[in-house]
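Notes to accompany the following structure.
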Amino acid sequence: MVGQIFLKRSVSIVLIGLICGAIMIILQWLGALRWIEYKSHDFIFLCRGTVKPDDRVIIIGTDEEGLEKIKDPFIFWSPYFAEVIKAVSKGGAKVVGFDFLQTIALKKKVEGEDLDGIMANALSEAENVIMINLLKWDNNLNGFKAINPLPRYMYASDPENLGFSNLTIDNDGCVRRQSLLFGDAEGNIYAYIGLKAVAKYFDSVIERKGDYIIVDYAIPVNSYNEMLINFAGPSGTFTILPFYKIWQQAHSGNYDFFTKTFKDKIVLIGPGNIYSQDFQPTPFYRSSHYSGVRQTLGVEIMANVINTIMDKRFINLLKFWQTVLIILFIGVLLSFTSFKLSPVIGGITTFAIAFAYFYLCIFLFSYYKLNLNPVYVIGVIPITYTAVFIYRYNIEDKEKRRVKKIFKHYVSEDVVEEILKHQDEIPLGGQRVQVSVLFADIRGFTSLSESRDPQEVVAILNSYFSMMVDIILKNKGTLDKYIGDGILAYYGAPIPREEHADLAVGSAVEMVSKLDVLNKRLLLDNPLSIGVGIHSGDVVVGNIGSRRKMEYTIIGDTVNTASRVEGLTKELKTSILITDYTFSRLKTKYNITPEKEIIFRGKTKPIMLYRVEA
């Protein structure tokens with residue numbers, strides 16, 4: 001019986017954990033909590049903080065001073081860019097990434113000066129400049145179309161030195177990942193400028209193999225060729241050298257500065273001023289919570305992509321099946337835990353487990369670059385906790401409330417709690433047990449009740465019953481019922497107790513002793529006196545009755561014998577009588593003397609009676 005109940009509960013616990021886990025797995029598969037995933041991803045970055053970026057990546061950004069002191073409109077800055085590109089390349093830069101897209105020919109725009117030629121000559125002379133193009137959706141082609149720089153620039157730089165600059169933006173407008181390879185409607189495959197810069201730095205060929213893009217080493221990507229960017233920090237983490245000061249150094253011919261600053265570096269030239277529209281939110285940007293942190297420049301995002309690849313700081317994601325196993329494990333584990341705890345302690349434990357897991361996620365991300373995607377694992381924790389307590393309230397606790405309702409009038413609160421602890425071992429349907437049965441009756445109460453008002457009679461009885469029942473319950477007895485002015489109680493059920501005989505006799509002695517206290521309080525002309533009979537033996541105990549009324553009670557010959565023994569107390573002029581069946585089980589010494597041997601009507605075997613002095 002106990003084994004079946006334990007098995008049923010264990011199956012219920014596992015099923016609740018698995019069902020709650022399955023709910024979160026389905027939500028993950030559907031991407032239903034994607035926006036929370038985004039925010040948790042960002043929060044983990046904030047908790048990790050800024051890390052030192054690779055010093056092989058340098059940014060030169062157009063600045064306010066340049067816009068103010070260079071009088072030419074920005075579109076005519078080709079000569080200035082050309083001069084900086086030449087100086088940086090002569091200084092030993094391995095790669096120059098040029099994050100400006102020039103699509104308009106300027107030769108005819110400025111009379112007497114071939115601005116396009118100046119730029120083309122610089123690109124041709126440098127030989128290491130990666131130009132950008134832009135992939136835009138074309139409705140006519142029903143696909144993406146490449147918007148390339150001027151053909152003159154492309155061929156001066158080499159058509160292979162071309163990479164797209166499109167950023168991969170999540171649904172909430174934030175950049176967290178970057179497509180490294182992208183195809184247009186004509187079947188051409190383009191590489192992201194950052195990937196192109198790394199490939200040129202290592203003089204490698206770009207290949208796609210399985211779940212990786214190969215340059216000098218393997219870069220993990222998803223099915224869309226997207227790599228999670230391991231941002232070094234917020235905007236400003238990479239030092240941005242002001243373009244105007246760099247141009248001044250180039251214009252003055254200070255090539256030692258360029259050798260010292262840019263030798264063997266990847267140099268990115270792009271918009272770096274506050275007037276640029278090339279800003280995007282990244283995980284470190286939180287305008288509604290953190291003041292003073294601006295959005296990240298496109299050229300800074302490019303630097304972070306390169307930094308992620310160059311330092312091999314790839315963010316590792318668990319496989320879907322691995323996340324599924326963790327979710328199911330946490331669900332089942334928490335289900336077992338919640339079944340053992342109270343709602344308050346369970347709630348505290350649930351919060352502690354969620355906090356500990358999130359801290360583990362931060363730790364693994366910070367030190368091992370492992371993103372556990374905590375949303376669905378942490379999400380299963382409160383769901384499982386709630387499901388377990390709903391189940392407990394409606395199934396298990398409902399049964400406990402029923403048991404408590406049954407026994408609260410029969411036994412003390414301590415015994416009720418004990419019953420609930422051993423509920424699985426107490427079959428309410430009925431069982432045969434060994435108990436000691438106690439009958440107590442007020443002598444001469446019929447004549448007393450006839451000479452007094454009903455209200456007074458009820459008050460006397462209530463006072464008497466309250467005191468006697470308190471004694472019975474205190475001694476771990478079970479109150480069966482009131483029979484007129486009599487009390488039927490027993491010891492040894494529903495919780496089995498080896499000392500049931502001692503508990504019954506001890507209660508009887510205390511009941512008789514306490515009766516003097518009650519008599520002094522009631523100030524009756526004829527003080528109350530009682531007779532108590534106790535007999536030990538087998539009874540059937542359980543919920544007995546009809547569909548309309550059930551009560552937990554005992555039946556059997558032991559009950560009848562105890563009642564007969566109590567009936568002899570008046571005849572033998574004693575307050576307490578016990579049988580030899582009870583006497584033989586006593587371990588405590590009482591003032592006991594043998595009284596007489598008697599054969600009750602309908603019985604053949606004599607029973608020895610003993611007098612107990614209070």
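Summed over the stretch 480-499, residues that are over 16 Å from residue 434 (Cα atoms) and surrounded by fewer than 21 Cβ atoms within 10 Å (Cβ to Cβ) total 5.
A count restricted to the stretch 249-300 and to residues that are modelled with pLDDT of 80 or more, among the hydroxyl-bearing types (Ser, Thr, Tyr), part of a loop (DSSP other than H, G, I, E, B) and within 21 Å of residue 231 (Cα to Cα) stands at 2.
Residue by residue, here is whether (1) in contact (Cβ under 8 Å) with a residue 40 or more places away in the chain; (2) in contact with a helix residue (DSSP H, G or I) (Cβ under 7 Å, 6 or more places away or on another chain) holds:
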residue	(1), (2)
460	yes, yes
465	no, no
470	no, no
485	yes, yes
497	no, yes
501	yes, yes
516	no, no
520	no, no
530	yes, yes
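Here residue 156 meets the list (1) in contact with a strand residue (DSSP E or B) (Cβ under 7 Å, 6 or more places away or on another chain); (2) without any contact (Cβ under 8 Å) to a residue 40 or more places away in the chain; (3) crowded, with 18+ Cβ neighbours inside 10 Å almost entirely, failing just condition (1).
Please go through the stretch 435-452 and pick out each residue that is more than 16 Å from residue 488 (Cα to Cα) and crowded, with 16+ Cβ neighbours inside 10 Å. Let's see the steps before the verdict.
Of the stretch 435-452, the ones more than 16 Å from residue 488 (Cα to Cα) are 444-452.
Within the stretch 435-452, 445, 448, 449 qualify.
Taken over the stretch 164-206, residues that are within 27 Å of residue 92 (Cβ to Cβ) and acidic (Asp, Glu) amount to 1.
Among the residues of the stretch 63-81, are any of a type in the set (Ser, Thr, Tyr) and loosely packed, with under 14 Cβ neighbours inside 10 Å?
Among the residues of the stretch 63-81, not one is of a type in the set (Ser, Thr, Tyr) and loosely packed, with under 14 Cβ neighbours inside 10 Å, which makes the answer no.
Can residue 447 be described as of a type in the set (S, T, N, Q), in contact (Cβ under 8 Å) with a residue 40 or more places away in the chain and farther than 15 Å from residue 559 by Cβ? When the stated conditions are applied, residue 447 does not pass them.
Being touching a His at 6+ places or on another chain (Cβ under 9 Å) and at pLDDT below 95 is a property that residue 371 has. Taken over the stretch 194-239, the criterion of being out of contact with any helix residue (DSSP H, G or I) (no Cβ under 9 Å at 6 or more places or on another chain), among the β-branched types (Val, Ile, Thr) and touching a residue at least 12 places away in the same chain (Cβ under 8 Å) is satisfied by 221, 239. On inspection, residue 611 fails the criterion of being surrounded by fewer than 20 Cβ atoms within 10 Å (Cβ to Cβ), farther than 20 Å from residue 503 by Cα and basic (Lys, Arg). Among the residues in the stretch 493-510, are any among the β-branched types (Val, Ile, Thr), farther than 23 Å from residue 590 by Cβ and in contact with a Pro (Cβ under 8 Å, 6 or more places away or on another chain)? Checking the stretch 493-510: not a single residue is among the β-branched types (Val, Ile, Thr), farther than 23 Å from residue 590 by Cβ and in contact with a Pro (Cβ under 8 Å, 6 or more places away or on another chain).
Filtering the stretch 504-521 to residues that are among the hydroxyl-bearing types (Ser, Thr, Tyr) and crowded, with 20+ Cβ neighbours inside 10 Å leaves only 507.
List the strands (runs of 3 or more DSSP E) inside the stretch 82-179, counting only whole elements, that have at least 2 residues being of a type in the set (A, V, I, L, M, F, W, C) and in the same structural domain as residue 206 (by TED's automatic domain parsing).
Strands (runs of 3 or more DSSP E) meeting the threshold: 95-98, 129-138, 143-147, 162-164.
Results for (1) assigned to a helix (DSSP H, G or I); (2) closer than 26 Å to residue 478 by Cβ, shown as yes or no for each residue.
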residue: 505; (1), (2): yes, yes
residue: 511; (1), (2): yes, yes
residue: 519; (1), (2): yes, no
residue: 524; (1), (2): no, no
residue: 538; (1), (2): no, yes
residue: 573; (1), (2): no, no
residue: 587; (1), (2): no, yes
residue: 590; (1), (2): no, yes
residue: 597; (1), (2): no, no
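For the stretch 540-566, the set of residues classified as exposed (fewer than 13 other Cβ atoms within 10 Å of the Cβ), small (Gly, Ala, Ser) and not in a strand (DSSP E or B) consists of 546 only.
Of the residues making up the stretch 349-356, at least one is surrounded by 13 or more Cβ atoms within 10 Å (Cβ to Cβ), more than 22 Å from residue 39 (Cβ to Cβ), in the same structural domain as residue 393 (by TED's automatic domain parsing) and among the polar types (S, T, N, Q). The single condition among (1) surrounded by fewer than 18 Cβ atoms within 10 Å (Cβ to Cβ); (2) farther than 19 Å from residue 300 by Cβ; (3) over 43 Å from the mean Cα position of the chain (by Cα) that residue 210 does not meet is (3).
Residues considered: 253, 270. Of these, the only one that is touching a residue at least 60 places away in the same chain (Cβ under 8 Å) and within 28 Å of residue 89 (Cα to Cα) is 270. How about the stretch 431-459: which of its residues are touching a Lys or Arg at 6+ places or on another chain (Cβ under 8 Å) and assigned to a loop (DSSP other than H, G, I, E, B)? Of everything in the stretch 431-459, just one residue is touching a Lys or Arg at 6+ places or on another chain (Cβ under 8 Å) and assigned to a loop (DSSP other than H, G, I, E, B), namely 443. Flag: residue 462 does not match the condition of being of a type in the set (S, T, N, Q), surrounded by fewer than 18 Cβ atoms within 10 Å (Cβ to Cβ) and in a loop (DSSP other than H, G, I, E, B).
The values are calculated or read from the model by the stated rules, or taken from the named source; none is laboratory data. A quick note: this is a predicted structure, and the numbers were derived from the prediction, not measured. Virtual Cβ from ideal backbone geometry, glycine too; neighbours counted across all protein chains shown.
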